[in-house]
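Below: the structure, in structure tokens.
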Amino acid sequence: MAHVALVTGGTRGIGAAISIALQKAGYAVAATYGGNDEAAGKFKDEHGIAVYKWDVSDFAACKEGVAKVEADLGPVDVLVNNAGITRDGVLHRMEPEAWRTVIATNLDSLFNMTRNVIDGMRARGYGRVISISSINGQKGQFGQSNYSAAKAGVFGFTKAVAQENAAKGITVNAIAPGYIATEMVRAVPEEVLNTKILPLIPVGRLGEPEEIARCVVFLAAEEAGFITGSTLTANGGQYLA
């Protein structure tokens, strides 16, 4: 029986690439989304991947959603915490809501989701938790104190939960992508991309969502059981952590 993989924010961008790659690798995949019904419906129709809508910043919604996924597909063996948002602005002008919303979606969601699958993983003696952080959680970024703080928190969460669950056959790892050719990054003006972003990347190009997806498939594999508490950095050499 195929392992069940649950990918938050799994219908667009990096999340969509992760969902598709896991499906191709033989997993039964459930992809969550927060608001874009049209994109989620198109994704489901094109790829045959089950989609579920809930707010990952809401613990009760996560509990109900995980229960629904497990009723439909079976116990979740692989959790990919990918959902994330930005609300950029310099700190001295940032409103409290912009801070709270980003922390809730990008960091609180790790607790909300992992807490609702970890007991089952421990009982079965197997599990993979993979959380998508960011280069900006490693080095910081002007105008992103909220996002950088949330993504930096991913590393501490990963290291602690990895230690707590290693003896139960559960690995917990993070991936820190650099600039990836998603819809959001492609929307950056070409002049800015060519003069401000690409010159900072030694390999001279943006990453592709599929390259991050391959990192997830690697860490999700049964054969990756000796890797836990680690961060896999994929940024084209832009920041060497």
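Couple of notes before you dig in:
- Condition check for A2 on (1) of a type in the set (A, V, I, L, M); (2) at pLDDT 95 or above; (3) more than 16 Å from D119 (Cα to Cα); (4) not in a helix (DSSP H, G or I): one failure, at (2).
- Residues being of a type outside the set (D, E) and within 18 Å of K151 (Cα to Cα) - total across segment 97-135: 23
- Among the residues of segment 14-23, at least one is touching a Gly at 6+ places or on another chain (Cβ under 6 Å), surrounded by 19 or more Cβ atoms within 10 Å (Cβ to Cβ) and under 17 Å from T182 (Cβ atoms).
- Just one residue in the set K159, K151 is part of a helix (DSSP H, G or I), in contact (Cβ under 8 Å) with a residue 24 or more places away in the chain, surrounded by fewer than 21 Cβ atoms within 10 Å (Cβ to Cβ) and not β-branched (V, I, T); that residue is K159.
- Condition met for S57 (surrounded by 15 or more Cβ atoms within 10 Å (Cβ to Cβ), under 25 Å from L107 (Cβ atoms), among the hydroxyl-bearing types (S, T, Y) and without any contact (Cβ under 8 Å) to a residue 40 or more places away in the chain): no
- Residue satisfying condition, being touching a Ser or Thr at 6+ places or on another chain (Cβ under 8 Å), part of a helix (DSSP H, G or I), at pLDDT 95 or above and not charged (D, E, K, R), within set S57, S109: S109
- If the condition is being under 25 Å from H92 (Cβ atoms) and of a type in the set (S, T, Y), then segment 111-159 contributes S134, S145, Y147, S148.
- Checking G9, G35 one by one, the residue that is touching a Gly at 6+ places or on another chain (Cβ under 8 Å) and outside any helix (DSSP H, G or I) is G9 and no other.
- Scan of segment 8-42 for residues that are over 24 Å from N235 (Cα atoms) and touching a helix residue (DSSP H, G or I) at 6+ places or on another chain (Cβ under 6 Å), ordered by number: A28, V29, A30, A31, Y33
- Enumeration of residues in segment 162-214 that are surrounded by 19 or more Cβ atoms within 10 Å (Cβ to Cβ) and in a helix (DSSP H, G or I): A162, N165, P209, I212, A213
- Sub-9 Å Cβ pairs linking a first residue in segment 190-216 that is within 30 Å of Q23 (Cα to Cα) to a second residue that is among the aromatic types (F, W, Y) and not in a helix (DSSP H, G or I), at least 6 apart or interchain, are L206/Y179; G207/Y179, ordered by first then second residue.
- Selection from segment 112-148 of residues that are over 28 Å from A181 (Cα atoms), touching a residue at least 12 places away in the same chain (Cβ under 8 Å), of a type outside the set (S, T, N, Q) and part of a helix (DSSP H, G or I): R115, V117, I118, G120, M121, R122, R124
- Flag: I118 does not match the condition of being crowded, with 20+ Cβ neighbours inside 10 Å and closer than 24 Å to V203 by Cβ.
The values are calculated or read from the model by the stated rules, or taken from the named source; none is laboratory data. This structure is a prediction, so every number in the text was calculated from the model and none was measured. Here the Cβ is made from the backbone with ideal geometry for all residues, glycine too, and neighbour counts use every protein chain on show.
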